[in-house]
Amino acid sequence: MERYNIITSKKPREIVLLKSFPCIWGKCTFCDYTEDNSINKEELLQINHEILTKVTGETGVLEIINSGSCFELPIETLEEIRCIIIQKQVKQLLFESHWVYRHKLQEMRDFMGIPILFKIGVETFHNEFRQNYLKKNADFKTPEEVRNYFDSPCLLVGIKGQTKEMVEEDIRHLKRYFDHGTINVFTNNSTPVKKDEALIEWFIKKYKYLEHDSAIEILYENTDFGVGT
Ligand code: SF4
């Protein structure tokens, strides 16, 4: 599995995929990447150290993802990241967090001592689809609520059961309330959730112009950031 890459387009940055303890929720119906989680702390520390030694600081920006929330990384890994920030003169971090940790984001900002752009897996702002079908356990009601805590939502597009109207509204909210966002085109995995080919074709055609939008990154495959499997 690739765990380090340098992204050169849109928002240039180094990106690492670290290993963490199990996701606090772990029950989203579309998710199988929690298989990368582990309860073996020594294994986590060793793998994370190997990956973090690759960071050069050359872009000044470091994104850290971990098949869960940054709060599920071992404290020793977080301390190592904090050292790397100083040694490699990293100016900004990108972290991911689930909605349930929203009151802890400032704690992490204080701990790291540099600006953090916090991403959140919103998947969709359609509350019924997100909560009852995707089982996201993120009970916000409006994009404004999300914006109060997080900087950058990640949307999922192309799931059977999703409609064009839902996708259109999600992208409207993304553009209206946030300065940055990611759109993940859904690809089939080991879960029963399936992609909707026709909806994806429609999305690619209708929103092709977003490829030139510097504030929005679109992942057609999970590995488009150069990490993962
Ligand atoms: S919160 Fe994220 S990592 Fe956890 S189960 Fe849901 S999608 Fe997977």
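The values are calculated or read from the model by the stated rules, or taken from the named source; none is laboratory data. What you see is a predicted model, and the numbers here were worked out from it, not measured in a lab. Every residue, glycine as well, gets a Cβ built from its backbone with ideal geometry; the counts of neighbours run over all protein chains shown. Only protein heavy atoms, including side chains, enter the accessible area calculation; ligands, DNA and RNA are left aside. Shrake-Rupley method; radii C 1.70, N 1.55, O 1.52, S 1.80 Å.
General observations
- Fraction in percent of alpha-carbon pairs per bin - 5 Å, region 4-219: 1, 7, 15, 19, 19, 18, 12, 7, 3, 0
- Rounded to 5, the percent of DSSP beta bridges in region 4-219 classed as antiparallel: 15 percent
- Value in Å of the Kirkwood radius, where region 1-131 supplies the Cα pairs that are averaged: 15.3 Å
- Residue-count net charge about Lys206 - beta-carbon cut-off 9 Å; Lys, Arg +1, Asp, Glu -1: +2
- Size descriptors for region 82-206, from the alpha-carbon set: Rg then Dmax equal 16.1, 48 Å.
- Alpha-carbon centroids, region 127-158 and region 66-124: separation in whole Å: 19 Å
- Inter-centroid distance (Cα atoms) of region 3-51 relative to region 166-229, Å: 20 Å
- Within region 1-79, GluC sites (Glu not before Pro) in DSSP loop having at most 14 other beta-carbon neighbours inside 10 Å: Glu58
- Relative contact order (%) - criterion: Cα under 8 Å, at least six apart; region: the chain: 21 percent
- Relative contact order for region 48-121: 35 percent, from Cα pairs under 8 Å spaced at least 6 residues apart, divided by residue count.
- Around the Cα centre of region 4-219, unit charges on the Cβ atoms of Lys, Arg, Asp and Glu (plus for the first two, minus for the last two) sum to a dipole of about 480 debye.
- Across region 179-187, computed HN-Hα scalar couplings (Karplus, 6.51 cos²θ - 1.76 cosθ + 1.60, θ = phi - 60°) run 8, 8, x, 10, 10, 9, 7, 5, 10 Hz from first to last residue, x flagging Gly and Pro.
- Backbone N under 19 Å from the His103 label point (7 Å along Cα→Cβ), restricted to region 1-36: 24-25
- Label-point separation in nm, Asn222 to Thr53, each point 7 Å along Cα→Cβ: 2.8 nm
- Projecting the Cα positions of Thr34, Gly113, Val55 onto the charge dipole of the chain (unit charges on Cβ atoms of Lys, Arg, Asp and Glu, taken about the Cα centre) puts Gly113 furthest along the positive direction.
- Solvent-accessible surface (1.4 angstrom probe) belonging to His173, in square angstrom, nearest 10: 40 Å²
- Apolar share of the accessible surface for the chain: 51 percent from carbon plus sulfur atoms, 1.4 Å probe.
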